[in-house]
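For reference, the structure is listed below as structure tokens.
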Amino acid sequence: MCLNRNVGIFMMLLVLGYCGCNKQSVSLPPPNPPPTSNQIQAMAEEYMDSVVQITAGDSFGTGFIVGEHADSLFVATANHVVESDPQEKIHVRFYKNSTDYSATLRKYSKEHDFALLEVKHSGHIWEKKCYDTQSKKTDYVWFIGKNQKWYVSLNPGIIDEAASRSNSFIKVINMPDVQIGTSGAPLFNKGIIGMIKEDSIDNALALDIGIIEDWMKKWNLSWNLVKCQEKDKPLSADELDKIKSLLAKADAHLKNGEYLEPEKENAYDAYREVLKSEIDNKKAQKGILDILNVCVTEIDREIREKYTLWIKDQQMNKDVKADIIKSLNNIIKALKDSKRICEEYPQKLKDDETRQRCASLDKKMGYYEKKRSEYEQPSDRIIETNIPDNR
């Protein structure tokens, strides 16, 4: 009995000692803290230009750009956002751009609730963003897009189940911000990891970004997102030669005064092509802003040296109605050119001065379009009581 008792005590101590040592040796480090709201907002600003809002009849949702070819952009979204009625027209709107652009349903997968839209001739410049296929359980995630706005979820959710070979979807928990209009929104961790397709109470289901990449390659369509592990990869020699050639072409157009015309053969379009390859190219950025300055200066000159003088002549009972309309047409054309540059220039590159200059264009456009409409009426004469304030 004594022998057995001693053996029992020895075994108990051995087990307790083993458990204590084992517990100490396999203790896991604490999980990474979630990103702060400021960190999420900063990351979101990098991706805003790639996110679009989509309407199709009474249906609406979000999408994001995954590729481009020639004048076309390819936008990923949830199929149920755009499948309700084939006759309904699909429109997309880019970040801080008031124009609705027509889109066509190019391809879709009902199995994965994934649709690919094609948007032509938008003029939108986007930076090739990074995507990550290595997300894992317990990673924090967030999204952009809700209720037809570029809403950013500042309270991150958590991956409860990552995608795998046998599972195409990412299950996210603790993310109550997912609501109406979030379908098709990009889901983020280090980069884009998926596309939100549905939600339930506080949870969401997203299609893995790798599945979207597979479909694009299967359909033989341009896939221009870059793996996050390769996003800082330097430009190739061919890309550098292309940029050098485009900058030389832009300089030649500038010398000839070909700022925005003729179509596709002008300085502005050459600079835009440079930014597509290298968003941080300072010469292309400066070139575009210089062209914007030319347009704004032209507006001011037309108002000061022509339109204002015609108004004064009109107040002296001179018949200058046709001259006023011609001057208004010149002002409105320059305003449209300026607005186009403002809407197509990447938001992340705008400084405060450029933002303010662009913000003032809508007010001016409304004023001068109203004046042109008044002068185009068949009335005998319209007498301006005020000289225009060109601020």
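Below, the figures for the structure above:
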read-out	value
Criterion (of a type outside the set (Gly, Ala, Ser) and in contact (Cβ under 8 Å) with a residue 60 or more places away in the chain) met by exactly one of Leu328, Leu292	Leu292
Filter result (in contact with a strand residue (DSSP E or B) (Cβ under 7 Å, 6 or more places away or on another chain) and assigned to a loop (DSSP other than H, G, I, E, B)) within the stretch 100-130	Asp100, His112, Asp113, Ser122, His124, Trp126, Lys128, Lys129
Residue count for the stretch 206-259, restricted to those that are in contact with a strand residue (DSSP E or B) (Cβ under 9 Å, 6 or more places away or on another chain) and polar (S, T, N, Q)	3
Contacts under 7 angstrom Cβ, first residue in the stretch 144-168 being more than 14 Å from Ala185 (Cβ to Cβ), partner modelled with pLDDT of 95 or more and of a type in the set (Asp, Glu), 6 or more apart	Ala163/Asp208; Ser168/Asp208
Single condition Pro156 does not satisfy, out of (1) under 28 Å from Tyr345 (Cβ atoms); (2) over 14 Å from the mean Cα position of the chain (by Cα)	(1)
Residue count, the stretch 114-155 (criterion: of a type in the set (Lys, Arg) and closer than 28 Å to Glu273 by Cβ)	3
Residue pairs meeting the criteria (Cβ under 9 Å; at least 6 apart or on separate chains; first closer than 25 Å to Phe169 by Cβ and touching a residue at least 12 places away in the same chain (Cβ under 8 Å), in the stretch 94-122; second exposed (fewer than 15 other Cβ atoms within 10 Å of the Cβ) and of a type in the set (A, V, I, L, M, F, W, C))	Arg106/Trp219; Lys107/Trp219; Leu116/Trp219
Top-ranked residue of the stretch 131-178 - restricted to ones that are in contact with a strand residue (DSSP E or B) (Cβ under 6 Å, 6 or more places away or on another chain) and of a type in the set (D, E, K, R), ranked as nearest to Cys228 (Cα to Cα)	Asp132
Scan of the stretch 197-244 for residues that are modelled with pLDDT of 95 or more, surrounded by 13 or more Cβ atoms within 10 Å (Cβ to Cβ), over 22 Å from the mean Cα position of the chain (by Cα) and not hydrophobic (A, V, I, L, M, F, W, C), ordered by number	Asp214
Residue match in the stretch 270-282 (condition: touching a His at 6+ places or on another chain (Cβ under 8 Å) and closer than 30 Å to Val51 by Cβ)	yes
Tabulated pairs, the stretch 356-372, first within 19 Å of Leu292 (Cβ to Cβ), second small (Gly, Ala, Ser) and part of a helix (DSSP H, G or I), C-beta under 8 angstrom, 6+ apart or interchain	Cys358/Ser338; Leu361/Ser338
Residue check, Ser338 closer than 28 Å to Val66 by Cα, in contact (Cβ under 8 Å) with a residue 12 or more places away in the chain and polar (S, T, N, Q)	yes
The stretch 132-150, subset within 12 Å of Gly61 (Cα to Cα) and of a type outside the set (S, T, N, Q), residue surrounded by the fewest Cβ atoms within 10 Å (Cβ to Cβ)	Lys149
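Residue-wise test of (1) surrounded by fewer than 18 Cβ atoms within 10 Å (Cβ to Cβ); (2) among the hydroxyl-bearing types (Ser, Thr, Tyr); (3) more than 30 Å from Tyr47 (Cα to Cα); (4) at pLDDT below 95.
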{"residue": "Glu263", "(1), (2), (3), (4)": "yes, no, no, yes"}
{"residue": "Val274", "(1), (2), (3), (4)": "no, no, no, yes"}
{"residue": "Ser277", "(1), (2), (3), (4)": "yes, yes, no, yes"}
{"residue": "Glu353", "(1), (2), (3), (4)": "yes, no, no, yes"}
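For (1) surrounded by 13 or more Cβ atoms within 10 Å (Cβ to Cβ); (2) more than 16 Å from the chain's Cα centre (by Cα); (3) assigned to a loop (DSSP other than H, G, I, E, B); (4) at pLDDT 90 or above, each residue gets a yes or a no:
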position: Asn22; (1), (2), (3), (4): no, yes, no, no
position: Leu28; (1), (2), (3), (4): no, yes, yes, no
position: Pro33; (1), (2), (3), (4): no, yes, yes, no
position: Met48; (1), (2), (3), (4): yes, no, no, yes
position: Gln53; (1), (2), (3), (4): yes, no, no, yes
position: Ala76; (1), (2), (3), (4): yes, no, no, yes
position: Lys96; (1), (2), (3), (4): yes, no, yes, no
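The values are calculated or read from the model by the stated rules, or taken from the named source; none is laboratory data. This structure is a prediction, so every number in the text was calculated from the model and none was measured. Note that each Cβ is placed from the backbone with ideal geometry, even for glycine, and that neighbours are counted across all protein chains shown.
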